[in-house]
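First up is the structure itself, then whatever we jot down about it.
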Protein chains: 2
Amino acid sequence: MLRIGIIGVGGMGRGHFTYLTAGEVPGATLSAIADTSSAAREWAKSRNGNIQIFEDAESMLDSGAIDAVMIATPHYFHPVYAIAALKRGLHALVEKPAGVYAKQVREMNEVAATSGKVLGIMFNQRTRHIHQKVRQLVASGEVGEIRRTQYIITDWFRSQAYYDSGGWRATWAGEGGGVLVNQSPHNLDLFQWICGMPSRVRAFCGFGRFHRIEVEDSVTAYVEYPNGATGIFITTTGEAPGSNSLEIIGDRGRLRMEGNTITFWRSRESVREFSDTSTEGFKQPEIWRCEIPVPGGGDGAEHRAITRNWVKSITEGTPLIAEGAEGIHGVQLANAMLLSAWTDDWADLPTDEEKFYSLLQEKIANSSHEKSTGGKALDFAGTF
Amino acid sequence: MLRIGIIGVGGMGRGHFTYLTAGEVPGATLSAIADTSSAAREWAKSRNGNIQIFEDAESMLDSGAIDAVMIATPHYFHPVYAIAALKRGLHALVEKPAGVYAKQVREMNEVAATSGKVLGIMFNQRTRHIHQKVRQLVASGEVGEIRRTQYIITDWFRSQAYYDSGGWRATWAGEGGGVLVNQSPHNLDLFQWICGMPSRVRAFCGFGRFHRIEVEDSVTAYVEYPNGATGIFITTTGEAPGSNSLEIIGDRGRLRMEGNTITFWRSRESVREFSDTSTEGFKQPEIWRCEIPVPGGGDGAEHRAITRNWVKSITEGTPLIAEGAEGIHGVQLANAMLLSAWTDDWADLPTDEEKFYSLLQEKIANSSHEKSTGGKALDFAGTF
């Protein structure tokens with residue numbers, strides 16, 4: 001039985017706590033938690049009297065009470081504790097994002113590479129069947145070589161009360177960013193997981209545009225890919241109602257994912273070849289409007305699906321759905337978008353990690369942000 | 001009876017010729033045409049034996065045979081002939097775009113302003129009921145203050161054969177641009193007509209990306225408005241099948257126009273006020289999904305609707321649906337997008353007209369473009 005510990009049971013960690021305690025991850029048991037907050041520790045104790053409770057993460061990691069750890073702390077600490085765990089011979093599963101800045105994530109990946117332990121990341125959205133289907137359609141060549149991508153995710157509405165609920169929220173020091181670091185990491189991961197990594201980014205961010213915060217709450221990013229394809233990525237916490245759609249235009253047509261539907265306008269032949277050889281100026285190739293079946297399920301149990309897969313990877317060697325090392329891609333994208341906006345210039349990928357890190361430190365040092373923090377805990381049920 | 005002449009009956013001019021000859025514009029008659037091409041003149045002569053035929057525009061303008069002129073020449077000549085006509089005391093209706101560069105369009109507008117004659121522009125898309133409806137929804141405040149715009153028009157697919165059909169096509173010297181000058185002027189006009197003019201643009205253009213041409217055939221433009229709103233405008237002739245949708249996100253919800261439908265996700269209250277005052281972090285305001293009725297008609301007869309309106313404006317003083325002077329806005333937008341791409345930098349609006357003009361001259365001077373020109377005439381029926 002794999003003995004799991006959780007660092008941080010203030011937010012997402014409570015979800016992990018609950019399904020582990022309910023025995024919903026075969027082959028694993030919840031053995032301990034660590035949290036610096038006494039309220040969080042009380043919460044855990046009242047719900048499961050059999051686990052060990054620690055006031056700090058290091059004590060739990062050193063205790064010998066666990067074989068593997070799930071890290072559900074504020075973002076900055078994800079790679080810090082992953083490194084600490086891996087160095088102690090423990091397996092680790094980090095919440096998203098993999099970190100705030102690529103430099104620290106790279107360090108984590110380097111430690112993981114030589115640790116012999118399993119590092120996973122909570123990209124639970126990868127377990128959704130619709131995402132797997134879209135990825136498979138692209139990877140199998142159905143869409144043809146990608147020409148343009150368009151991912152618009154504006155359904156992350158958050159009120160001012162959300163940002164006021166914790167003093168660390170939406171600050172450079174506390175979170176290291178806004179919508180790119182907190183709400184959109186899944187989207188950034190899916191974007192690169194499905195469409196590949198861009199080669200450069202030109203992004204435009206609104207800092208505190210919709211809320212009294214210092215970090216970005218709206219982003220429009222233009223991206224270019226190594227093959228010359230272009231794309232946009234738009235996200236915000238300021239719009240209501242938002243939308244969520246991904247379009248991929250390839251040499252064989254246009255694919256649109258929205259809600260739980262995939263529509264593919266399939267070109268019967270290569271658009272490029274048709275364009276080159278057609279003798280008619282205005283006619284387009286024959287197009288079929290195809291409704292692509294999406295296998296049912298995959299919703300609702302996404303987090304435990306990732307945890308189960310991570311446990312099976314540790315105990316049976318099953319390949320990971322979300323390798324921890326892959327977390328760096330989304331962080332690179334987020335860093336590049338902020339870097340581009342800060343410098344009002346292009347940001348190449350892979351991101352200039354040192355430059356991003358030093359500019360982030362400047363933002364932290366120059367922060368003049370103050371806000372009324374009620375410190376009210378929010379209900380995270382239903383968040384991702 | 002207003003006596004109308006047409007300059008250019010090689011392309012769009014043939015449509016105007018046909019409905020004027022058919023008597024479909026009350027109060028007006030087609031009296032003359034001018035075209036430098038003998039084939040075009042033969043075409044006109046064979047279809048209407050009663051009109052005067054001229055080999056050059058100036059002769060027709062000087063002839064006394066017409067009171068008003070429709071200009072359907074290549075783009076560069078639109079303002080040139082409009083100025084020539086207005087200075088001779090003739091009314092003018094120019095095809096879109098108003099010109100290739102804002103500097104020449106401004107000159108046209110200055111002449112028009114003091115001419116006492118009626119200058120119209122063939123923005124026939126303004127007569128479509130769905131466009132008028134969307135504009136009215138924005139102008140009346142239903143959508144609230146605009147936060148973000150998103151106009152994606154990629155259904156302008158053109159094959160290489162289209163570009164090869166005329167030596168002037170898609171060259172800096174012959175057209176002065178690509179999709180922004182030829183296919184998208186209606187979209188640029190609707191964009192500003194409905195959403196207002198941006199204050200600056202950062203655009204990314206692919207020059208000859210999908211075709212063997214020297215001008216832009218794909219554009220992604222990021223725009224910012226005076227009130228801080230943001231937007232994107234994407235267009236290309238290289239995708240099949242393309243899409244055509246306009247989204248406007250305001251303080252009172254999200255409006256989407258696609259095909260002949262308008263969907264409005266209406267927020268029951270101001271999103272900004274809700275965000276500021278809600279005590280819940282994740283909850284969004286109450287949203288109503290509204291299907292907005294679109295009055296029937298307005299399609300198919302758009303060009304003659306503009307021509308009829310222009311004639312009524314001349315004869316009865318009816319306000320113009322599309323003032324010629326407003327044509328400069330779309331030209332400004334197109335110029336700013338090219339300028340931004342050429343300089344790899346922001347372009348402010350109003351555009352730096354002199355800078356754009358001098359860079360365009362450089363492009364013309366440095367053009368090394370050669371193409372196999374079959375010189376085959378294309379069928380323009382069904383184009384806009």
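The values are calculated or read from the model by the stated rules, or taken from the named source; none is laboratory data. Please read these numbers as outputs of a predicted model, since none were measured by experiment. All Cβ positions, glycine included, derive from the backbone under ideal geometry; neighbour counts span all protein chains shown. Protein only, heavy atoms only, side chains kept; ligands, DNA and RNA dropped before computing areas. Shrake-Rupley method; radii C 1.70, N 1.55, O 1.52, S 1.80 Å.
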Springs between alpha-carbon pairs under 10 angstrom, Gaussian network model over chain A: which of A:Asn335, A:Asn109, A:Asn366 fluctuates most?
A:Asn366
Every other copy gets compared here: list the nm distances from the B:Arg88 label point (7 Å along Cα to Cβ) to its counterparts, shortest first, one decimal.
9.1
Quick one: accessible surface of B:Tyr76, probe radius 1.4 Å, all protein chains present, in square angstrom to the nearest 10.
40 Å²
B plus A alone minus the pair: what accessible area, both sides summed, probe 1.4 Å, in Å² to 100?
4600 Å²
Find the accessible area per residue for segment A:262-346; the probe is 1.4 Å, ligands and nucleic acids are left out, and the unit is Å².
46 Å²
Taking only C-alpha pairs under 8 Å that are 6+ residues apart, what is the relative contact order of segment A:1-160 in percent?
17 percent
Shielding by partners, peptide B:99-110 (average Cβ within 10 angstrom, other chains):
0
Mind checking B:234-244 for the average number of partner chain beta-carbons within 10 Å of each residue's beta-carbon?
6
What does the accessible area of B:Met12 come to, in Å² to the nearest 10, when a probe of 1.4 Å is used?
50 Å²
Degrees, to the nearest 10: A:129-139 long Cα axis against longest axis of chain A
50 degrees
Note on the protein assembly as shown, DSSP bridge orientation, antiparallel percent to nearest 5 equals 60 percent
Taking only Cα atoms and a 10 Å spring cutoff, compute GNM fluctuations for chain B and point out the largest among B:Ala203, B:Ala170, B:Ala84.
B:Ala84
Taking a label point 7 Å out from Cα toward Cβ, give me the nm distances from B:Ala22 to the same spot in the other copies, shortest first, one decimal.
6.8
Could you give the angle, 0 to 90 degrees to the nearest 10, between helix B:12-21's Cα long axis and the longest principal axis of the Cα atoms of chain B?
70 degrees
If you roll a 1.4 Å probe over the protein assembly as shown with all protein chains in place, what percent of the accessible area is carbon or sulfur?
47 percent
Relative contact order for segment B:90-227, counting Cα pairs under 8 Å that sit 6 or more residues apart, in percent:
21 percent
Residues whose built amide H sits under 5 Å from the amide H of B:Met70, excluding neighbours closer than 5 in sequence, are B:Gly5, B:Ile6, B:Ile7, B:Leu93
Compute the separation of the alpha-carbon centres of segment B:199-256 and segment A:327-343 and state it in Å as a whole number.
23 Å
Non-local residues with an amide H under 5 Å from the amide H of B:Arg200, with H modelled 1.01 Å from N and Pro and chain starts lacking one, are B:Glu224, B:Leu349
Averaged over peptide B:192-205, how many Cβ atoms belonging to another chain are found within 10 Å of each residue's Cβ?
1
By the mean-Cβ-within-10 Å protection proxy, highest first, B:42-53, B:24-35 rank as B:24-35, B:42-53
I need to check one value: relative contact order of chain A, counting alpha carbon pairs closer than 8 Å and at least 6 residues apart, in percent.
19 percent
Can you give the angle from 0 to 90° between the axis of helix B:327-343 and the longest principal axis of chain B, with both taken from C-alpha atoms, to the nearest 10?
70 degrees
Here is the link list: A:Lys363/B:Lys283; B:Lys45/B:Lys355; B:Lys87/B:Lys355; A:Lys312/A:Lys355; A:Lys103/A:Lys312; A:Lys363/B:Lys355. Which ones come out longer than 32 Å on Cα distance?
B:Lys45/B:Lys355; A:Lys312/A:Lys355; A:Lys363/B:Lys355
